[in-house]
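Chemist: Take a look at this one; I'll ask things after.
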Amino acid sequence: MTNNRLSFTVNFAILIFVFTVLCISNDLYAQEKDTINLNEVVLKTHLGRTFKEEGKLTRLITRSEIESLPVQTLSETLDLLPALDLRQRGMSDLQTDISIRGGTFNQNMVLLNGINVTNPHTGHNTLSLPVSFFGVDQIEVLKGAGGKLYGYNAFSGAINFTTGLDKSPLQLELMGGDFGFKSAQGKTYFETGNKFEHHLMAGYQEGDGHQENTDFESLNLFYHGKYQQNKAQFDWMAGYANKGFGAFNFYTPRFSNQFEEVTTQFAAIKWNQDLGKLQLNANIYGLRSNDRFELFRENPPTWYTQHNKHQTDVVAAHLGVNYTSAIGKTSLHSEWRRELINSNVLGEPQTSVKEDENLFYTATKEAEFNHFFARNILDVTLAHQYNWKDLKLNIGLKSLHVEGVTKFYPGADLGYKINRSNYVVASVNKSMRLPTFTDLFYKGPTQISNPNLRAEEAITYDLTYAYKNKILNAQAAVFYRDAKNLIDWTLTPGEEVFRSMNISELGSFGVEVETDFNLALMFETEFLNNLRVGYSYLDNADANEDFESTYAFDFLKHKLTANLVISPLENMQWSIGGFYQKRNGGYQRFVNEEAIGFVPYDDVITLNTKISYKYKKLTFLLDVFNILDQDAFDYGNILLPGRWAKFGVSFSL
């Protein structure tokens, strides 16, 4: 097990006390039964408008849907969607790389309540959120370039995690299971002064792991406050998370006994004001991530002299205005964001040393940093929306200024409502992604970085069709992404180290379909609830395979997803679902830290199930992951768990 149990416990008590003092002192998925649902949500996009106002078709997952799925983590939930590739190194949301429509794990924007929490250090830490799976009330997924909606780095898509919707006074959950798994989660909601809303969430989990050096321990604490007066709304948030885990073969199979610990601290304030034709919004936020990576958890060789320790900070401010006139709605929004890293490895060497100074425990406690790098990003977006009868046109132009260089990224979406059940959207958007600090600076025994990497750029063409009636809700999409300067870690024949480099050009073509059948209404029965089936196909037209790619070419060529929910007894719900996936590419197979040759990825079938039974205020749960006990690899040489049963009970007021 990790060595931080005492620190976790102490910080847990401190933070609960702080949050409690702060709190005391001071069907969202709704739809008309016979009309198209454009997944309107409470959260606003980067331009301060909802997805319905934008004419965008997104995938919205409510808390009630999450509870009906055979899942216990955010990664497992998203993995049941076609066109999403969730490549897990560690289970229980310890480390998951998200790919949307064949993009790499660094090409997605992740948001928490509309705030950009994407980690500039590395996309490996994207799901190191301060809120746990139990505290997320809703997930919305935007597939395709989202630059003019959310800002830079929404290269291939964006995912928004929402909290603060559930107003249950108290919810508790205890879980246990195979591999020494234990979990305790809780959240509460209360009001003060008739105007203030308070949501407080906490979670802890630990496990021995499914094989050697896969143990883990994590803690999440999150607070979300709200205040509404007339047509003004304020949201304020604060969160803390820490997780440590054995990282068997995570970054290189040459040295398998690795370890990593990551701490996340987050705070944000949001303001929205409705003045009729004029709407104003602003936010300020800060994100800090501390990461300690140990290439050798125990018994290091003499040449290994230090662990990698990084502290990444993001501070940002956003201001926007929307104005509605006779010719439509015009938006002008600007965000300034500063990203910096203090490290003993990443960045430019410094003559002075900076110490880790944090109020709470972090993964780099008492570290000394002698490398530093920072960049300032100014993002200005001008957009206009025009509606005429059943047509909806959105056009936008983004100006991105990064350290003396300015570039422009236009985009347009045209939506047409054919009738009450049919809707189609055509889009063309230009997007970009800045290199992460790891891309620019990381050097190790098996990797060499490139500080001169250029930003990735792409033009994405997208055509999406949606159909809905009382029984069937379906979407189908076809897209083509023309990308250049893609960043990947590659291994050239004859070399033994991976190098970060820009791939000159890559074209990606994809098709996806997702359907949702209301079986209860179709067959007029309470036994059957619903059936969801999805499929996605992807091909990289210009894949250059003269070198071994770490990420860009190991895409999911085929993915088939399905989930069935039934109610065999009153107050009982049983779901069974999973996916089939065929991955392109392969990897160097290692046994006992020795390479034995290049092998292709095997096809994977994963089947999961969950049974829940409600008795008064209690709900009893049984969740089984990988029922078929299949060997599976999302990444080469990193074996995922076999059959994993979890059982538990939850209490709700």
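The values are calculated or read from the model by the stated rules, or taken from the named source; none is laboratory data. Keep in mind that this is a model prediction, so the values were computed, not measured. As a convention, Cβ positions derive from the backbone with ideal geometry for all residues, glycine included, and neighbour counts pool all protein chains shown. What goes into the accessible areas is simple: the full protein's heavy atoms, side chains included, and nothing from ligands, DNA or RNA. Shrake-Rupley method; radii C 1.70, N 1.55, O 1.52, S 1.80 Å.
Chemist: Which shape class applies to the chain: rounded if a/c is under 1.5, otherwise prolate when a/b exceeds b/c and oblate if not, where a ≥ b ≥ c are the square roots of the Cα gyration tensor eigenvalues?
Modeler: It comes out rounded by the Cα gyration axes.
Chemist: Could you let me know the centre-to-centre spacing of segment 226-269 and segment 478-532, using Cα atoms, in angstrom?
Modeler: Taking the Cα centre of each part, segment 226-269 and segment 478-532 sit 25 Å apart.
Chemist: Taking the Cα atoms of segment 539-647 alone, what are Rg (to one decimal) and Dmax (as a whole number) in Å?
Modeler: In order Rg, Dmax, the Cα atoms of segment 539-647 give 18.8, 62 Å.
Chemist: Can you list which of the trypsin sites (Lys or Arg not before Pro) found in segment 241-291 are DSSP loop residues with at most 16 other C-beta atoms within 10 Å?
Modeler: 254, 277
Chemist: Compute the Cα gyration tensor for segment 299-420, then decide on rounded, prolate or oblate, letting a ≥ b ≥ c be the square roots of its eigenvalues: rounded whenever a/c is under 1.5, prolate when a/b is larger than b/c in the other cases, and oblate in all that remain.
Modeler: Values: a/c = 3.35, a/b = 2.88, b/c = 1.16.
Prolate is the answer for segment 299-420, as a/c is 1.5 or above and a/b outweighs b/c.
Chemist: Check the straight Cα-Cα distances from residue 231 and name the lysines below 20 Å, setting aside those fewer than 8 residues away within the same chain.
Modeler: By straight Cα distance, residue 231 reaches 44, 195, 270, 277, 329.
Chemist: Roughly speaking, what is the stretch gain from residue 384 to residue 594, that is 0.36 nm per residue apart minus the C-alpha to C-alpha distance, in nm to one decimal?
Modeler: Full-extension gain reported as 69.8 nm.
Chemist: Further question on the same structure: Mind checking segment 334-435 for GluC sites (Glu not before Pro) that DSSP puts in a loop (not H, G, I, E or B) and that have at most 10 other Cβ atoms within 10 Å?
Modeler: Those that pass, being in a loop and sparsely packed, are 357, 366, 403.
Chemist: Sort out for me the Cα centre separation of segment 123-171 from segment 609-626, rounded to whole Å.
Modeler: That distance is 25 Å.
Chemist: I've got another one for you. Provide the per residue accessible area, probe 1.4 Å, for segment 374-463, rounded to a whole number of square angstrom.
Modeler: Per-residue value: 46 Å².
Chemist: Counting other Cβ atoms within 10 Å, keep those with at most 15, restrict to DSSP loop, and tell me which GluC sites (Glu not before Pro) in segment 165-265 are left. Write down the numbers at each step before the final one.
Modeler: Working: sites: 173, 191, 197, 206, 212, 217, 260, 261; in loops: 212.
Sparse-neighbourhood loop GluC sites (Glu not before Pro): 212.
Chemist: Using only the Cα atoms of segment 284-339, each taken as one equal point scatterer with no solvent, compute I(q) by the Debye sum, divide by I(0), and report log10 of the ratio at q = 0.13, 0.16, 0.31 Å⁻¹.
Modeler: Each listed q corresponds, in turn, to -0.59, -0.70, -1.14.
Chemist: Computing the accessible area with a 1.4 Å probe over protein heavy atoms, can you report the carbon and sulfur percentage for the chain?
Modeler: 58 percent
Chemist: What residues have an amide H closer than 5 Å to that of residue 308, excluding those fewer than 5 places away on the same chain, when H is modeled at 1.01 Å from N in the peptide plane?
Modeler: Amide H neighbours of residue 308, under 5 Å, 5+ apart: 293, 295.
Chemist: Let me ask something else about it. What is the local net charge at residue 367, summed over the other residues whose Cβ is closer than 11 Å to its Cβ (Lys, Arg +1; Asp, Glu -1)? Walk me through the intermediate numbers first.
Modeler: On the way: positive: 292, 309, 354, 365; negative: 291, 355, 356, 357, 366, 368.
Value of the local net charge: -2.
Chemist: With θ taken as phi - 60° and the coefficients 6.51, -1.76 and 1.60, list the Karplus ³J(HN,Hα) couplings across segment 378-388 in order, rounded to whole Hz; mark glycine and proline as x.
Modeler: 10, 10, 10, 10, 10, 9, 9, 10, 10, 10, 9
Chemist: Pairs of lysines 8 or more apart, or on different chains, with alpha carbons under 25 Å: count those in segment 502-653, would you?
Modeler: Details: 557/582; 559/582; 559/610; 582/610; 610/646; 614/646; 616/646; 617/646.
Qualifying lysine pairs in segment 502-653: 8.
Chemist: Here's something else I'd like to know. Within 14 Å, Cβ to Cβ, of residue 135, how many net charges do the neighbouring residues add up to if Lys/Arg are +1 and Asp/Glu are -1?
Modeler: Local net charge: -2.
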